[in-house]
Each structure stands twice: as C-alpha cells, then as structure tokens.
1. In degrees, nearest 10, range 0 to 90: what is the angle between the Cα axis of helix B:213-225 and the longest Cα principal axis of chain B?
2. So what is the relative contact order of region A:46-157, in percent, for Cα pairs below 8 Å that sit 6 or more residues apart?
3. Show me, for region B:16-29, the HN-Hα J-couplings you get by feeding each phi into the Karplus relation (A = 6.51, B = -1.76, C = 1.60, θ = phi - 60°), rounded to Hz, glycine and proline as x.
4. In whole Å, what are the Cα extents of region A:72-216 along the three principal axes, biggest one first?
5. Which of A:PHE317, A:PHE58, A:PHE110 moves most in a GNM of chain A, Cα contacts under 10 Å?
6. Please give the net charge around B:CYS74, taking every other residue with its beta carbon less than 12 angstrom from that of B:CYS74, where Lys and Arg add +1 and Asp and Glu add -1.
7. Can you pull out the trypsin sites (Lys or Arg not before Pro) in region B:81-179 whose DSSP state is coil and whose Cβ has at most 10 other Cβ atoms within 10 Å?
8. When only alpha-carbon atoms are used, what values of Rg and Dmax, in angstrom, describe the protein assembly as shown?
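The values are calculated or read from the model by the stated rules, or taken from the named source; none is laboratory data. The structure presented is a predicted model; accordingly, all values stated were derived computationally and were not measured. Cβ placement follows ideal geometry from the backbone for every residue including glycine, while neighbour counts extend to all protein chains displayed. Note: areas computed on protein heavy atoms with side chains; ligands, DNA, RNA excluded. Shrake-Rupley method; radii C 1.70, N 1.55, O 1.52, S 1.80 Å.
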Amino acid sequence: MAPDRDIGGTATNRYGMHSPSAPGPAVSAISIQQLYKAYDGLAVVDGVDLEIAPGEFFGLLGPNGAGKTTTLRMLLGMTPIDGGQVEVLGLPMPEGERAVRERLGIVPQFDTLDPDFTVIENMRTYAAYFGLSGPTVEARIDRLLEQVNLNDKRGARIDALSGGMKRRLTLARALINEPEVVVLDEPTTGLDPQARHHLWRQLRQLRASGVTLVLTTHYMEEAEELCDRIAIIDHGRIIACDAPSRLIAEHIEPWVLTVGGADAGQLLERELGPKDRAHQVADTWLVYTAEPERLRERLRALGRESTLREADLEDVFLKLTGHELRD
Amino acid sequence: MPGDHPVLPRPSLRFVAVWRRNLLVWRKLIVPSMLGNFGEPILYLLAFGYGFGSLVGDLDGMRYMVFIASGIICSSAMFTASFEGMYSAYTRMAEQNTWLGMLATPLTLDDIVFAEAVWAATKGLISAITILVVASLLGLVSDARALLALPVIFLAAFTFGALALVITALARSYDFFLYYFTLAVTPMLLLSGVFFPLTELPGWVQGLALALPLAHVLEIVRPLMTGAWPDAWLPHLAVITAYGLGAIVLATWLIRRRLLR
Ligand SMILES: Nc1ncnc2c1ncn2[C@@H]1O[C@H](COP(=O)(O)OP(=O)(O)OP(=O)(O)O)[C@@H](O)[C@H]1O
Ligand SMILES: [Mg+2]
C-alpha cells in the first residue's frame, strides 16, 4: 500500500476523521445513498443520493408530497428505511439514532410543543430529554429565549402563543443541545415577513458558527437567499442539485417577460423567437428568453407593454416540476 | 418495514425524563387528580363496608370492611393505571403529539412506552397508598406486612398500565376504550374477589377470573393486609409478571408500527 501523504503536514488519517483541526477532506455531515421508501407499495422516496458537507446550508425544495418530510424523517430515525444507506455525522441510521439525535436539532413541519407546560417549562423539559439540566442549561435557555424574542413570554401557556411565536419557540428548543446539525422542515410556513426575516438572521448566525443546516421550504426566495446548495425533489427523486445561482444559470433563460391581454397568446405565437418559450399562467403569459429586447420592441410596436425581470429560482422550480397543481 | 426493528424493546434509563415530565404535569393538577384518585374508592369502601358490612357479617373470618379494604386497594390501582394508560396516554400520543416531540431527542419509542407504563404504575401506587393510609386510620389493616403489598401493587399497576397501552395503540378515538372497560376491566372488578370471595363463584367462572391478572393480585395482597402470609405467592406473581411483560412488548411494537411508519 502506498504511504499516505498529508496535506499541510499535520498528523491525521487521510479521511480527516476524529480530528477536528485536520485540514484533510472532511467527512460528510449527512450522506445518503439510494434511499428508498414506499407506502402501500407506492414509492415516495425513490433512489435519493445526497452528500451534505459539514457547515453547509442545504435546501430541499419540492412540490407538496414530493417526499421531503419523508426523506428528513428517515435521516432522523423517525421513519423506517425501506432501502439504501443513511449516515449522519458518520453514524449509520437507524442504528445510531440515539447518538445522532443527541447532536441534532430538529424543527418538525408541525409543532410538537408540549401544551401542558409554559414556555420556560417546555425548554426545561426538552433539555431534560437530552439529559441536560443545571445552571449551564438555565443560562443557555435564557440566551435562547432572548435570541428568539420570547423572554417576556416565559410564563405563557403554549395555546396563548401566536403561530409565529410557536415556531420561534420550536427553534429555540431545537438548539438546546447546541447541535452540530439542524434540520428544519418548513420553519417559516405561516410566518409574517418580519418573523421570517428574524428567523433568517438566526439561521445565518448558525451557519456562521459552523452548524450544518438542512432546510425545506416552499418559499423560493428564502432558499435562494439562505442556501449554499439546493436539491429539487419531485416524485421522490432529485431532479436537480446545485448552488441556487448555478441552477438558474443552467436550467432557465436569463429573462422573463410578462405579457397580459386576451390576445397575448395569438400575438406571441407570431412574434416569439425560435429559442424563446412562452407559458400561460392564468390570464398572463410568461416568456422565457435570452434576448428580451427584440420581443419587447416588437410588442411595443404593436402598442403592447410588457414587464421584464430576471429569471429566479421559482422559474427554475416551475420549469422542472411543471405548472400543474399537486395534491 | 417496522419489522426491521428488534421485537423486544430495549428501554434505557433515559425513560426517567419522560416519567418526570408526567410527574411535573400531575403536580400542577394535584388537587383534582387526588380527589378523583382517592375520593371515589374511599366512598366505595365506606358505603360497601358500612352498608353491606352489617348485613354480611364476617367473611373468611374477618369483618366485611376489612375484607373489602384490600379489594378496593387493588381495584383502585387497576382503574387508576388503566385510565392513565388509556385516556391520558392517548391524549399525549394522538392529540398533543407529545411523543413525537420526544422522538426528536435521544429518547426512543422504547423509552417512551416503558416510561408511560411506569408512570401508570406510579399513579396506581399513589392511589393504593392513599387508600392504605385511610384504611389503617380506620383500623382495617392488621400489621406492617401491609407495606409489602405495595411493591406487588406497583408491579400489578405496571401490568394494567401496559395492557391499557396496548388498547391505546389500537384506539382511533376515546370511545374505543369503552370496549376494554366493558370486556375486561369491569369483569375483573366483579369476578376477581374484590367484593366477595372468589370461592363463592361457579368453578368455570373462577377459572375465568384466574386467567386474568386481578384475581392473582388479590391472592397476594389480601393476606398481607389482613395479617397473614400469602400461600403460593410465586405462581400468582408469575401470572402478573407474564401479563406485564407480554403487554409492554406488544404495546411497544404496536405503537412503533402506528407512529413510526
Ligand atoms: N405515514 C404515511 N402513510 C402513508 N403515506 C404517507 C405517509 N407519510 C407520507 N405519506 C405520503 O408520502 C408522500 C410524501 O410525503 P411527504 O410528507 O414526504 O411530502 P413533502 O414533500 O414533505 O410534502 P409537503 O411539502 O406537503 O410537506 C405523500 O404522497 C404522502 O401522502
Ligand atoms: Mg413535508
């Protein structure tokens, strides 16, 4: 066997394992191979492969029922795996469920706050589930409640909290064990813009402190804003996976022209360039194009105004997953 | 497939955190909870004891009130543990998603179900202790041997709690529990020797009663409370234990199949 050569000269094995200071290639925080899950004979996760690096902010996008929650639940040991391999923090799942969840923070899609307790009691009880108690934990609870702006709600009952407050408490609770990986299933669904931006700031801080984050969301601008890398999943399969900017560059024309009016369809049929694509959404048309100015001029000459914008992640998402409604 | 998971549960000591959670909630509602736990059985004891007592005279060589005190302790532990394992546990499982929340921590389903059974046993024990205190104040308890009945009652309440959790695992609504009460709890209450000696019943009914756990609990607890040593306590203990082990394994398996799919 050839001798190993270390880059940087520190003593470490060549996988950089068990040696946080080692400069070698890091192990994946999450590694999924050929993950498969079926309900009643129907595949809902169908051969998913994913490698998420430590410190990465990873987004999982997909229409309703695409299999996002099911994938996450298998990662966490909360749903039996029907096929494939999952490793989290180097530990195989589901065998490693206890050890893994000890180092993980989980914000589930639906709140599981304990209605029999107040805000502060929820934090303490949840800490106890991790075997954590004492002054260090009390200080941590104070800090977390401060961070999510719930300090003046410490004694409030859970049913007296608004939806946004519950979401924030769920996040604070998920951070009680200072997790290395935080998994968030639609953390901002139902939040107002202020609350959403507040949460984004917190997630960015976590990212900056080296925590690995995995997020699902239906808000494309949220994924674009936060994530280093995004996988788009549909019918249980990953159909694209890359940095948001590269997904846009690779999968869609750079410009979108919006044209309204009853006869827009007929107009476009005549005026569309050979490489342009047009798509009807309700009573307006979206034209995806690399050369918007030519078409815009033509339309203007016919007395028709159109609005121009840059293509974004939502356009990619709709192109890849189709425009029709899911259940 | 849920079958991939080992069938035998492997709870860890972490279950104590779940047990403590239930204790903390119970402490908040201690007054109404204790009243229900304790008021009703005491009423039974006094009403039956004084009401029937004068008509019945002595039973098995003891005052009827003394006879029935040990019966009420056992049936009350059974009822308390069964209620906790059904109505309360079902609320935590299906209505409040408390267990799902716990599953996001190092706790496993094995820990949670085991903790719920131990908690049901704890509540059964609490109700037994309160009644024991009242019974001894009324002079219905013979000697300190009665204290030895408490560990037996704790084990029995664990068994009734675990059996209730099996029913909870299968329930789709609270109404479902009525079946279990009608088909199992009430027959046990009436046929196991709580209100009158088992030997008064036809042979086949005795056989039926002895196929269920409560009669065996009474075979051990009644002598201990009335100043005697139970004879052949080991087979009785074995039946109670076997029911308890079987029920906790089945309950864990069923709840895993229900929640983690
Ligand atoms: N316990 C279950 N039993 C049967 N089918 C299930 C179960 N859980 C999920 N499914 C099905 O699996 C598919 C994937 O569901 P999943 O919750 O993973 O979707 P999702 O991508 O998270 O969707 P959403 O965006 O709506 O949250 C859906 O068709 C759903 O109906
Ligand atoms: Mg989901």
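1. Once rounded, the angle reads 50 degrees.
2. For region A:46-157, the relative contact order is 17 percent.
3. Along region B:16-29, the couplings run 4, 4, 5, 4, 5, 4, 5, 4, 5, 5, 4, 4, 5, 10 Hz.
4. 45, 36, 30 Å, listed from the longest principal axis down.
5. Of A:PHE317, A:PHE58, A:PHE110, the most mobile in the Gaussian network model is A:PHE110.
6. Local charge sum for B:CYS74: 0.
7. Passing sites in region B:81-179 are B:ARG172.
8. Both quantities, over Cα of the protein assembly as shown: 31.6, 113 Å.
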